[in-house]
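Structure, as structure tokens:
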Amino acid sequence: MRTAVSILGIELRRSAALGAALLVLVVGVVALYVAPGRWSSGWLSLALSMREYTIFLWPIALAAGAWQGRREHQSRVGELFSATPRSRARRMLPLLGATALAIGSAYVLVTAVGGTTFVAPFHYLPPGFFGITAAGALSLAGAAWLGLGLGRLLPAAVTAPVLAVLGVLLVVFGAFVRPFWLAAVLSPMYGSLQFYAYQTIDGRVSVAFSMWMAGLALTGAVLLIAERRWLVAAVLPALVGLGLAVVIVPRAEAVTEAPIDPSAAALVCTDDAPKVCVSRVTRGVLEELTPLAREGLAILSRLPGTPAEVHEDIRQYGSGEGPSETGVVLLAVTVDKRGHLAHPASVVPRIVGSLGVTRRGSCDNRNSAVERAAAYYLLGRPPVSDVGVMPGVTGEGPELNRLAVRLWQGLRQLPEKEALARIAEVRQAVAECEDSSELLRPPAR
């Protein structure tokens with residue numbers, strides 16, 4: 001055992017494994033911290049971001065393996081080593097082990113560097129995180145082994161850079177082949193495009209993808225170890241790995257297309273009332289959200305029958321339809337790049353602006369000027385443009401807010417009781433998918 005560890009240590013020092021691992025580490029950490037907002041919401045987002053960055057890391061591992069694989073040819077020692085009693089397999093095993101250990105560990109270490117942000121009791125660490133990360137580390141080790149074999153087979157100086165380009169193409173275009181289940185097998189970055197904080201990669205997809213990567217790794221190992229006359233057989237492990245992956249990967253798009261981790265989406269609520277709830281994965285911002293959400297509920301309570309709770313909206317991204325809850329305001333909750341509540345100034349206007357109604361996706365009765373005037377009357381200040389206030393709003397026609405201001409001024413001229421009654425009518429129309437455009441206009445004289 002001690003001898004094996006010693007041999008492995010020597011191979012780490014004399015090969016390009018540590019240099020390749022350092023390159024993976026530097027590129028990975030830079031990619032993470034160029035856009036920390038992409039993964040600051042939790043462990044699942046971090047794992048998916050790391051898989052997305054395999055667009056850089058996988059080709060690096062492939063090219064580094066190819067550069068190392070041409071070592072014997074470059075040193076012209078192949079004939080000398082072939083005369084020794086040790087078989088080629090025994091000589092190459094330490095190199096394979098050192099390369100896989102160094103590059104796989106570099107991927108895990110980059111993930112750990114990002115994970116220091118979430119080392120706190122309230123951050124949810126889902127079991128799926130480990131499977132997604134392990135599959136990513138295996139994919140880099142597999143790319144390095146494949147590179148080693150191809151570097152031995154094609155020991156030209158241009159092999160490594162050409163393979164780096166081909167690696168990018170495989171990662172990118174493999175993620176967009178159809179059907180979806182085939183893309184989930186082929187590309188290490190498939191499934192990493194994030195739509196919500198509780199998105200995951202199904203464990204069965206990770207297992208299938210790992211089989212394909214293991215097949216590629218064994219193909220590389222055979223290319224590195226086998227005698228020339230056996231090199232044709234090297235393609236068999238890749239074919240077997242791909243075949244097994246295709247057999248076991250789930251076919252349902254609900255599994256391969258941005259699935260949800262139910263445990264991550266489970267709600268965590270305040271102990272006292274009014275109750276405020278967020279998904280487990282955004283538990284870290286509950287304390288920041290609670291006073292703002294309760295302020296919004298207190299303002300809404302001036303209307304009859306308004307909700308008494310605020311829940312994070314965990315309906316599936318882009319569905320338009322989804323389960324609605326009576327007596328609850330559904331609110332989209334996002335986390336900024338520092339792990340805090342994003343857009344805190346928008347929380348109260350969004351809650352009040354909803355008028356306590358969860359709009360159905362099929363309801364096309366929205367009248368922004370009327371609802372904005374009603375909401376800002378309740379807020380006690382003149383209507384303003386949503387640009388810079390509401391997240392994701394980058395532009396709107398100036399006429400919209402001018403109309404809202406005129407309607408708001410009309411409400412201000414009414415007795416408070418009558419104004420609130422008008423706003424209650426607007427809320428009722430919104431809840432019943434009816435047109436609310438004339439409800440705040442002054443009566444004709």
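The values are calculated or read from the model by the stated rules, or taken from the named source; none is laboratory data. All figures in this text were calculated on a predicted structure; none of them were measured in a lab. We place every Cβ from the backbone using ideal geometry, glycine too, and count neighbours over all the protein chains shown. Ligands, DNA and RNA are excluded from the accessible area calculation, which covers all protein heavy atoms including side chains. Shrake-Rupley method; radii C 1.70, N 1.55, O 1.52, S 1.80 Å.
Whole-Hz ³J(HN,Hα) for each residue in segment 153-168, computed from phi via Karplus 6.51 cos²θ - 1.76 cosθ + 1.60 with θ = phi - 60°, x for glycine and proline: what do you get?
After applying 6.51 cos²θ - 1.76 cosθ + 1.60, I find 5, 10, x, 8, 5, 7, 4, 4, x, 5, 5, 4, 5, 5, x, 4 Hz.
Once you have the Cα-Cα distance between residue 173 and residue 433, take 0.36 nm times their residue separation minus that, and quote the gain in nm to one decimal. Walk me through the numbers before you get to the answer.
Working: separation 260, 0.36 × 260 = 93.60 nm, distance 4.34 nm.
Working it through step by step, the gained length comes to 89.3 nm.
For segment 227-243, just list the computed ³J(HN,Hα) in residue order, Karplus coefficients 6.51, -1.76 and 1.60, θ = phi - 60°, integers in Hz, with x standing in for Gly and Pro.
Computed from phi, the couplings for segment 227-243 are 5, 3, 5, 9, 5, 4, 6, 5, 6, 4, x, 5, 5, 5, x, 5, x Hz.
Under the Karplus relation 6.51 cos²θ - 1.76 cosθ + 1.60, θ = phi - 60°, what is the ordered set of whole-Hz ³J(HN,Hα) values for segment 204-220, x standing for Gly and Pro?
Running phi through 6.51 cos²θ - 1.76 cosθ + 1.60 with θ = phi - 60° gives 5, 5, 4, 5, 4, 4, 5, 5, 5, 5, 5, x, 5, 4, 5, 4, x Hz.
Taking the mean number of other Cβ atoms within 10 Å as a proxy for protection, how do you rank 263-273, 236-246, 143-153 from highest to lowest? Walk me through the numbers on the way to the answer.
Values: 263-273: 14.7, 236-246: 17.2, 143-153: 28.2.
Packing proxy ranking, top to bottom: 143-153, 236-246, 263-273.
Which residues' amide hydrogens lie under 5 Å from the amide hydrogen of residue 266, considering only partners 5 or more residues apart or on another chain, with H built in the peptide plane?
280
Might you tell me the accessible area per residue for segment 127-281, computed with a 1.4 Å probe and given in Å²?
Numbers: 6600 Å² over 155 residues.
I get 43 Å² per residue for segment 127-281.
What FRET efficiency comes out for residue 165 versus residue 125 if R0 is 35 angstrom and r is the Cβ-Cβ distance? Round to the nearest 0.05. Please list the in-between numbers first.
On the way: r = 37 Å, r/R0 = 1.05.
Here the calculated transfer efficiency is 0.45.
Whose amide H sits under 5 Å from the amide H of residue 309, counting only residues 5 or more places off or on another chain, with H placed in the peptide plane?
For residue 309, the qualifying residues are 329.
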